[in-house]
Amino acid sequence: MLVWLALTLASNPAAAQTTTSYSNTTTGTISETATTCTSPMVRNFTVAANAQVTDVNIGVQFTHTYRGDVRATLVSPAGTVVNLITNVGTSADNLNVLFDDSAAASISTHTTNDNTAAAPPYQRTFRPEGSLASFNGQGSAGTWQLTICDSLNGDNGNFTRTDLTLATVPI
């Protein structure tokens, strides 16, 4: 029995984790008329290879004169939705943030202006409002979507880029 167990373990080593990043640099206007919350801006990431998700991070960069107007979510191919940011930052400007569940601080504490220098690397790292671990265990293949909307009148900005990073293991 022990010989069988040893041979089984030797022939099926633990699956290696792979980390892959996907970028979207399609620019666009973020405003209460161009990107309402009933018709948000959508940025897609197409993932061809199917594997089991073990970790998700997403960087988001945009200009906006009143970040407290903005909401953003990440949607998996399975339809799971995670809130990244919802009207956080009051009158602070811009967003240049990597969302990572292991970050020390929550995005809800972010009240300072971000710069608009090219990313990555992103200027700051925060935990999103929802848990990116909600995607763990799901299949990676399909279209992942970042949605962004402007929920209040009077201010606007421009989307610059987003980078989705998936850590996966074979299914």
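The values are calculated or read from the model by the stated rules, or taken from the named source; none is laboratory data. Note that the structure is a prediction, hence the values are computed from the model and not measured. A quick note on method: Cβ atoms are made from the backbone with ideal geometry, for glycine too, and the neighbour counts reach across all protein chains shown. Protein only, heavy atoms only, side chains kept; ligands, DNA and RNA dropped before computing areas. Shrake-Rupley method; radii C 1.70, N 1.55, O 1.52, S 1.80 Å.
What to note about this one:
- In order through segment 110-118: 3J(HN,Hα) via Karplus (6.51 cos²θ - 1.76 cosθ + 1.60), integer Hz, x for Gly, Pro: 8, 10, 9, 5, 9, 7, 10, 4, 4
- Separation in nanometres of the label points that stand 7 Å from Cα toward Cβ, at ASN136 and VAL81: 2.4
- Accessible area per residue for segment 21-154 is 42 Å², calculated with a 1.4 Å probe on protein heavy atoms, without ligands, DNA or RNA.
- Using just its DSSP H runs of length 4 or more, each adding -39500 (n - 2.57), the chain gives a mean residue ellipticity at 222 nm of -1500 deg cm²/dmol after division by all residues.
- Spacing of the two label points (7 Å from each Cα toward its C-beta) at ALA117 and VAL169, in nm: 3.7
- Helix 2-11 and the longest principal axis of the C-alpha atoms of the chain enclose an angle of approximately 40°.
- Counting protein heavy atoms only, the chain has 53 percent of its accessible area on carbon and sulfur, 1.4 angstrom probe.
- Sequence of TYR22, TYR122, TYR66 when ordered by accessible area, the most exposed leading, probe 1.4 angstrom: TYR66, TYR22, TYR122
- Taking the Cα centre of the chain as origin and assigning +1 to Lys and Arg Cβ atoms and -1 to Asp and Glu Cβ atoms, the resulting dipole is close to 280 debye.
- Computed FRET value (nearest 0.05) for THR143 with THR29, which takes r as the C-beta separation and R₀ as 22 Å: 0.45
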